[in-house]
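Each reported figure results from applying straightforward, stated rules to the coordinates on display, with no laboratory input. Keep in mind it's a predicted model, so treat the numbers as computed, not measured. Note: ideal-geometry Cβ built from the backbone for every residue, glycine included; neighbour counts use all protein chains shown.
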Amino acid sequence: MVRLSLIPFLALGAILVAAAGGLPPVGDPESPPATHVSPRYIMFGHEETGAANLVTGVLADYRSYDTLGETTVICVAGLACWLILGSRSRGDKER
Amino acid sequence: MNFAFGSPALDAASRLMTPFILMFGAYVVMHGHDSPGGGFQGGVIIAACVILVRLVRGRAGGWNLSPETALALTCAGVGIFVGVGLLGPIFGGNFLDYAALPLSLKAGEVRAVGSLAIEIGVALTVTGVLTLVFDALVEARNDG
Amino acid sequence: MGEMAELLSIGTVQYLQAAALLLVGLYGIVARRHLLRKLMAMNILQVAVIVFFIALSAKSGATVPVVVDEAGGIDVAAYVNPLPHALMLTAIVVSVSTTGVALALLIRIRRRYGTLSETALLDKLRE
């Protein structure tokens, strides 16, 4: 049973290894992710956002909508955790 | 958390380390603009300090940051974020556009002040959520 | 054979590492019978995604994306790409919160059914 379920994973692994050859080499300064939008962040990030740490500049300024959604997600996750487990005070008898 | 791993050595060590951990967390939040750091990292460090006190001294001995307070911190963090974002439209800019804030600073510095405010909000949220999750999981364990 | 050597060179080894982690995580999610192990496999899967993105952000000869000297102009090739770092910071925090919610759900399942094994759970649900 376990052997049989390994077969699709080996096939997927072969596909992934073949696809790794088609990606730009790691560390290539001319790769597509390094040439699309990130040169603008690097060139003007410090001047426009006032943050020398470009990661903070991108996270809190250029993409703050993203961070707002993500903060909401972890807030809701904390609420969910508390509501799932904090059933003692509401007289939950099911357990 | 009703039990604690406390012993005199652990207690002394945690008392010695706690202020420095808190200060380092605040530094990572505040200095996240000029060095590696930011709201998430600083919030996790502060939450680690709270959890350290919980582990050593238990709920009774340490700061009694109850789940309700942690939840309030969480929501306050999101509220700070949204509030700073809403200052933009109030002063005639776009939502989350800190450049519209009426501060007599250079353009880049105004945006740095705005993003520092939301980083503080994010740090409060992360601290609250991690404390809340830890408390919820540990109390569930005590219930059996 | 030369192609294989090229694949195993330093230029793609991070991609292969991410692929291996992805396969381990996916296999764990599908094949393990214990829900806690499925959750651990899901975390391994998330680490695979993070490793892949960080590998994409690397530039050889570049340093951390903290601008230190603006006077002489900014050389784009001297700093790694900050965008995947910011995205993965988000992904790490979200993975922490999903793990917290999943653990809470597992505790509830354990309380109600007394087990976390998938086969035992299915038997109890059929009754």
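Any residue at all in region B:27-36 that is surrounded by 14 or more Cβ atoms within 10 Å (Cβ to Cβ), aliphatic (A, V, I, L, M), within 22 Å of residue C:97 (Cα to Cα) and touching a Phe, Trp or Tyr at 6+ places or on another chain (Cβ under 8 Å)?
The first filter runs over region B:27-36 and keeps only residues surrounded by 14 or more Cβ atoms within 10 Å (Cβ to Cβ), leaving B:27-36.
Okay, now just the ones that are also aliphatic (A, V, I, L, M), so B:28-30.
Retained after the next criterion (residues that are within 22 Å of residue C:97 (Cα to Cα)): B:28-29.
Cutting the leftovers down to touching a Phe, Trp or Tyr at 6+ places or on another chain (Cβ under 8 Å) gives us none.
No, region B:27-36 contains no residue that is surrounded by 14 or more Cβ atoms within 10 Å (Cβ to Cβ), aliphatic (A, V, I, L, M), within 22 Å of residue C:97 (Cα to Cα) and touching a Phe, Trp or Tyr at 6+ places or on another chain (Cβ under 8 Å).
What's the total number of residues in region A:64-79 that are within 14 Å of residue B:129 (Cα to Cα), aliphatic (A, V, I, L, M) and under 21 Å from the mean Cα position of the chain (by Cα)? Walk me through it before giving the result.
Of region A:64-79, the ones within 14 Å of residue B:129 (Cα to Cα) are A:70-79.
Of the ones still in play, those that are also aliphatic (A, V, I, L, M) are A:73-74, A:76-77, A:79.
Among the residues that remain, those that are also under 21 Å from the mean Cα position of the chain (by Cα) are: A:73-74, A:76-77.
Total satisfying the criteria: 4.
Among the candidates B:74, B:125, B:131, single out the residue that is of a type in the set (Ser, Thr, Tyr), closer than 24 Å to residue B:11 by Cα and in a helix (DSSP H, G or I).
On the way: B:74 fails: closer than 24 Å to residue B:11 by Cα; B:125 fails: closer than 24 Å to residue B:11 by Cα.
After applying the criteria, what remains is B:131.
Working only within region B:101-115, note down all residues that are farther than 19 Å from residue B:90 by Cα and either under 24 Å from the mean Cα position of the chain (by Cα) or surrounded by 15 or more Cβ atoms within 10 Å (Cβ to Cβ) (or both). Walk me through it before giving the result.
In the first step, residues of region B:101-115 are kept if they are farther than 19 Å from residue B:90 by Cα; the result is B:106, B:108-109.
Answer for region B:101-115, where residues must be farther than 19 Å from residue B:90 by Cα and either under 24 Å from the mean Cα position of the chain (by Cα) or surrounded by 15 or more Cβ atoms within 10 Å (Cβ to Cβ) (or both): B:108, B:109.
Consider residue C:114 carefully, then state whether it is of a type outside the set (A, V, I, L, M, F, W, C) and crowded, with 17+ Cβ neighbours inside 10 Å.
Details: of a type outside the set (A, V, I, L, M, F, W, C): yes; crowded, with 17+ Cβ neighbours inside 10 Å: no.
Considered against the rule, which asks whether it is of a type outside the set (A, V, I, L, M, F, W, C) and crowded, with 17+ Cβ neighbours inside 10 Å, residue C:114 comes out as no.
Among the residues of region C:46-71, how many are of a type in the set (A, V, I, L, M, F, W, C) and over 24 Å from residue C:11 (Cβ atoms)?
First pass over region C:46-71, keeping only residues of a type in the set (A, V, I, L, M, F, W, C): C:47-56, C:58, C:62, C:64, C:66-68, C:71.
Those left that are additionally over 24 Å from residue C:11 (Cβ atoms): C:66-68, C:71.
Residues flagged as of a type in the set (A, V, I, L, M, F, W, C) and over 24 Å from residue C:11 (Cβ atoms) within region C:46-71 amount to 4.
Filter region A:1-25 down to the residues that are assigned to a helix (DSSP H, G or I), within 7 Å of chain C (Cβ to nearest Cβ), hydrophobic (A, V, I, L, M, F, W, C) and surrounded by 11 or more Cβ atoms within 10 Å (Cβ to Cβ) and list them by number. Before the answer, list the steps.
Within region A:1-25, the first condition is being assigned to a helix (DSSP H, G or I), and the residues that meet it are A:2-22.
Now restrict to residues that are within 7 Å of chain C (Cβ to nearest Cβ): A:2, A:5, A:9, A:12-13, A:16-17, A:20-21.
Subsequent filtering for residues that are hydrophobic (A, V, I, L, M, F, W, C) retains A:2, A:9, A:12, A:16-17, A:20.
Those that are assigned to a helix (DSSP H, G or I), within 7 Å of chain C (Cβ to nearest Cβ), hydrophobic (A, V, I, L, M, F, W, C) and surrounded by 11 or more Cβ atoms within 10 Å (Cβ to Cβ): A:9, A:12, A:16, A:17, A:20.
Yes or no, residue by residue, for (1) in a helix (DSSP H, G or I); (2) out of contact with any helix residue (DSSP H, G or I) (no Cβ under 7 Å at 6 or more places or on another chain); (3) closer than 20 Å to residue A:70 by Cβ:
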position: C:17; (1), (2), (3): yes, no, no
position: C:21; (1), (2), (3): yes, no, no
position: C:42; (1), (2), (3): yes, no, yes
position: C:50; (1), (2), (3): yes, no, yes
position: C:53; (1), (2), (3): yes, no, yes
position: C:77; (1), (2), (3): yes, yes, no
position: C:86; (1), (2), (3): yes, no, yes
position: C:97; (1), (2), (3): yes, no, yes
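Applying the selection to region C:55-75, what residues are among the polar types (S, T, N, Q) and in a loop (DSSP other than H, G, I, E, B)? So that I can check it myself, show each step before the final result.
The initial filter retains those residues of region C:55-75 that are among the polar types (S, T, N, Q), namely C:57, C:60, C:63.
The answer is C:60, and nothing else.
Name the single residue, out of those in region A:26-53 being within 10 Å of chain B (Cβ to nearest Cβ) and assigned to a helix (DSSP H, G or I), that is farthest from the chain's Cα centre (by Cα).
Filtering region A:26-53 for residues that are within 10 Å of chain B (Cβ to nearest Cβ) and assigned to a helix (DSSP H, G or I), the one farthest from the chain's Cα centre (by Cα) comes out as A:47.
Any residue at all in region B:131-140 that is crowded, with 23+ Cβ neighbours inside 10 Å, within 19 Å of residue B:47 (Cα to Cα), without any contact (Cβ under 8 Å) to a residue 12 or more places away in the chain and under 24 Å from the mean Cα position of the chain (by Cα)? Give the steps one after another, and end with the answer.
Within region B:131-140, the subset crowded, with 23+ Cβ neighbours inside 10 Å is B:131-133, B:135-136.
Within this subset, residues satisfying the condition of being within 19 Å of residue B:47 (Cα to Cα) are B:131-133, B:135-136.
Of the ones still in play, those that are also without any contact (Cβ under 8 Å) to a residue 12 or more places away in the chain are B:133.
If we keep only those that are under 24 Å from the mean Cα position of the chain (by Cα) too, we end up with B:133.
Yes, the conditions are met somewhere in region B:131-140.
Quick one: which residue in B:102, B:89 is outside any loop (DSSP other than H, G, I, E, B) and over 26 Å from residue C:91 (Cα atoms)? Explain how you work it out, then say what you get.
Working: B:102 fails: outside any loop (DSSP other than H, G, I, E, B).
Checking each option against the conditions leaves just B:89.
Looking at B:46, B:51, B:90, which is the one that is away from chain A (no Cβ under 12 Å), farther than 20 Å from residue A:71 by Cα and surrounded by 15 or more Cβ atoms within 10 Å (Cβ to Cβ)? Full working, then the answer.
On the way: B:46 fails: farther than 20 Å from residue A:71 by Cα; B:90 fails: surrounded by 15 or more Cβ atoms within 10 Å (Cβ to Cβ).
B:51 is the lone residue from the list that is away from chain A (no Cβ under 12 Å), farther than 20 Å from residue A:71 by Cα and surrounded by 15 or more Cβ atoms within 10 Å (Cβ to Cβ).
Exactly one condition in (1) over 21 Å from the mean Cα position of the chain (by Cα); (2) over 23 Å from residue C:43 (Cβ atoms) is not met by residue C:80; state its number.
Failed condition: (1).
Looking for something under 30 Å from residue C:31 (Cβ atoms), surrounded by fewer than 18 Cβ atoms within 10 Å (Cβ to Cβ) and either among the aliphatic types (A, V, I, L, M) or touching an Asp or Glu at 6+ places or on another chain (Cβ under 7 Å) (or both) - is there at least one such residue anywhere in region A:59-77?
yes
Results for (1) more than 11 Å from the chain's Cα centre (by Cα); (2) facing another protein chain (nearest Cβ under 9 Å), shown as yes or no for each residue.
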{"site": "C:19", "(1), (2)": "no, yes"}
{"site": "C:22", "(1), (2)": "no, yes"}
{"site": "C:31", "(1), (2)": "yes, yes"}
{"site": "C:36", "(1), (2)": "yes, no"}
{"site": "C:39", "(1), (2)": "yes, no"}
{"site": "C:43", "(1), (2)": "no, no"}
{"site": "C:48", "(1), (2)": "no, no"}
{"site": "C:52", "(1), (2)": "no, no"}
{"site": "C:57", "(1), (2)": "yes, yes"}
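When region B:117-129 is examined, which residues are found to be within 8 Å of chain A (Cβ to nearest Cβ) and not small (Gly, Ala, Ser)?
Of the residues in region B:117-129, the ones within 8 Å of chain A (Cβ to nearest Cβ) are B:118-119, B:121-122, B:125-126, B:128-129.
Scanning region B:117-129 gives B:118, B:119, B:122, B:125, B:126, B:129.
Might you check whether a residue that is surrounded by fewer than 19 Cβ atoms within 10 Å (Cβ to Cβ), β-branched (Val, Ile, Thr) and either closer than 25 Å to residue A:21 by Cα or within 11 Å of chain A (Cβ to nearest Cβ) (or both) occurs anywhere in region C:79-95?
Yes: one or more hits.
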